[in-house]
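One structure below.
Just so you know, all these numbers are worked out from the coordinates, no wet-lab data involved. The structure displayed is predicted, hence computed values, not measured ones. Methodologically, a virtual Cβ is constructed for each residue, glycine included, from the backbone with ideal geometry; neighbour enumeration extends over all protein chains shown.
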């Protein structure tokens with residue numbers, strides 16, 4: 001279980017970092033999605049791994065799993081979902097307005113004109 | 001329990017929702033409500049500053065839940081100071097946005113503006129590490145919208161970089177928080193301070209990793225080398241009022257570093273030894289060098305100011321990483337000064353852009369701009385403040401930093417780099433100012449042979465409101481110069497409060513609130529509904545699982 005989870009976090013992070021370093025927006029966005037999956041699994045594990053145990057405190061349960069990381073993960077999922085939607089829209093706007101989906105900076109030429 | 005602390009967060013949130021839902025088609029009403037909201041915000045912030053002036057710490061428990069489990073807001077000298085600075089800056093920036101009609105060049109400017117204020121102020125006031133992450137996201141998602149306000153291919157392209165870079169920063173923040181939670185079992189800052197101080201010395205590797213990751217996250221926000229790449233293009237391409245407001249965003253990173261590394265990872269903590277003197281101080285000095293060289297090398301006026309922001313953050317973090325009360329006090333003074341100075345410069349750059357031929361910001365020759373004397377004078381004053389020449393506040397800030405660095409072992413390095421880079425900044429600003437404002441007259445002489453080209457924008461008289469806004473910022477700079485003594489005494493008291501965190505911790509953890517009762521009547525009712533039932537209840541259900549983390 002620990003091995004599975006740790007390697008899942010590792011593989012997701014590695015894939016995410018690789019994709020984020022690409023030069024076009026689509027792989028970069030997919031990469032940030034991978035990274036957010038990795039961090040969600042990581043957060044989930046920060047309350048220790050417990051299989052088939054209730055996260056709610058009551059007198060009837062013999063053992064509990066920590067409920068707080070689940071709340072944290074839920075928040076993180078919602079935020080990363082919203083952020084991914086924003087970055088997709090901004091990237092689409094960038095692509096549609098300039099017909100170019102490269103994410104890297106062009107050298108500063110000093111002769112760019114009006115921009116506002 | 002006083003409810004005043006939550007008001008600076010709730011008010012912009014309500015105002016933003018009101019603006020976007022009720023008055024989204026009436027730009028005049030938007031201006032009125034947004035400005036009125038910010039003035040009210042300033043009044044509340046002033047009230048909070050006065051309430052914490054004597055060093056008292058005000059606690060607000062959300063939902064009345066007691067501290068380690070409930071989320072708390074904490075107002076002390078440091079946080080109220082930054083809340084006040086944010087609302088003051090926001091008023092000037094909005095006056096400029098109204099006067100320059102930036103707010104009509106895209107939609108939902110004021111709603112996003114108010115959400116941005118909510119995020120920034122929330123980040124200053126919160127006493128919970130995960131809540132800090134949430135407020136960071138609030139301010140970031142509003143800043144994404146503001147960043148690409150009024151559109152344009154260049155702005156969108158830079159916007160993508162900005163969003164992606166900050167998404168990566170947020171991911172790293174979550175990794176850091178996960179590590180901290182796994183190590184300590186809490187995310188409340190005061191509780192973290194206690195538990196990390198009590199952690200056994202042989203089990204601190206995770207804490208150390210988390211503290212380094214957190215420092216990197218905040219360094220992204222504060223644009224410390226080598227995590228500064230997002231800043232020059234983003235600030236140069238952002239609409240001017242937005243760039244001016246962003247001047248406080250880098251300070252959010254600085255605030256978080258000061259807060260976390262005085263309260264949770266104090267300098268005498270074994271686990272985080274060397275983080276500041278080995279890593280942060282050289283990084284800050286390199287940031288200073290890079291920023292000022294960027295000022296010298298920039299080929300556009302907006303990028304020049306953006307690099308000046310990086311340089312000023314380097315200066316600020318150099319003062320922080322000395323890590324004495326004196327250093328922190330100097331850094332706070334410099335933070336106030338540089339926020340106002342960079343905001344004024346960004347707004348002035350926009351005035352110049354609007355008046356120059358073809359909106360050029362490069363250092364090519366162009367005819368002089370209308371009202372050039374006033375704009376040039378203001379640019380001169382703001383540049384003097386930014387470069388740290390006497391008589392304005394930048395000079396005092398720099399003196400305080402140099403004085404604080406005197407105690408440090410590497411004083412020679414700090415002094416040499418700060419003074420050398422000041423010279424370079426002076427040269428950079430002087431070159432920019434003289435090319436844009438003085439050599440313009442030389443180019444006018446060149447036009448003597450033919451009629452000068454008529455340019456509507458360049459000849460239009462200066463609008464009053466933007467000048468009032470910029471003048472207001474400059475007047476505030478003059479005010480903090482004149483009242484530098486009392487301000488400095490207050491900042492020294494602020495720094496002393498940061499280095500004596502016991503009242504903070506005891507206020508947060510010692511204040512009683514609502515608590516969870518496991519064996520209440522309500523629980524029995526609840527149990528009847530539950531289907532999965534185990535007859536062997538645990539002996540002590542109150543023991544939280546996170547205790548195992550120790």
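Of note:
- Residues B:262, B:204 arranged by fewest to most Cβ contacts within 10 Å: B:204, B:262
- Net lengthening on full extension, residue B:278/residue B:101 (0.36 nm per residue, minus Cα-Cα): 59.0 nm
- Zone residues, the range A:27-49, relative to residue A:18, backbone N less than 17 Å from point 7 Å out along Cα-to-Cβ: A:27-38
- Axis angle, to the nearest 10 degrees, between helix A:68-98 and the longest C-alpha principal axis of chain A: 10 degrees.
- Between 0 and 90 degrees, the angle of helix B:109-125 with respect to the longest Cα principal axis of chain B falls at about 50 degrees.
- Candidates A:91, A:38, A:62, ranked by Gaussian network fluctuation over chain A, Cα under 10 Å, top entry: A:62
- Taken along the Cα-to-beta-carbon direction at a fixed 7 Å, the label points for residue A:8 and residue B:56 span 5.1 nm.
- Two-site FRET efficiency, residue B:468 against residue A:78, from Cβ-Cβ distance with R₀ of 51 Å, rounded to 0.05: 0.75
- Its residue count N sets the reference 2.2 N^0.38 Å, and the alpha-carbon radius of gyration of the range B:7-510 equals 0.96 times that reference.
- Ranked packing of B:334-340, A:77-83, most packed first, by mean Cβ within 10 Å: B:334-340, A:77-83
- For the peptides B:170-179, B:188-197, B:373-382, B:268-277, residues were scored by their other Cβ atoms within 10 Å and the scores averaged per peptide; the highest-first order is B:170-179, B:188-197, B:373-382, B:268-277.
- Cα principal axis extents for the protein assembly as shown, largest first, Å: 101, 55, 45
- Estimated inter-spin distance, residue B:26 and residue B:500, nm [label 7 Å along Cα→Cβ]: 5.3 nm
- Largest GNM mean-square fluctuation across A:16, A:47, A:31, computed for chain A with C-alpha springs under 10 Å, falls on A:47.
- Percent antiparallel among DSSP beta bridges (both partners in the protein assembly as shown, rounded to 5): 90 percent
- Tilt relative to chain B, helix B:77-99 - C-alpha long axis, 0 to 90 degrees, to 10: 40 degrees
- The calculated FRET efficiency for residue A:30 paired with residue B:229, based on their beta-carbon distance and R0 = 22 Å, is about 0.55.
- Sorted by Cβ neighbour density within 10 Å, fewest at the top, the residues B:149, B:25: B:25, B:149
- Taking a ≥ b ≥ c as the square roots of the Cα gyration tensor eigenvalues, the range B:52-174 comes out oblate, since a/c reaches at least 1.5 and a/b does not exceed b/c.
- Neighbouring partner chain Cβ atoms per residue of B:183-193, average, 10 Å criterion: 1
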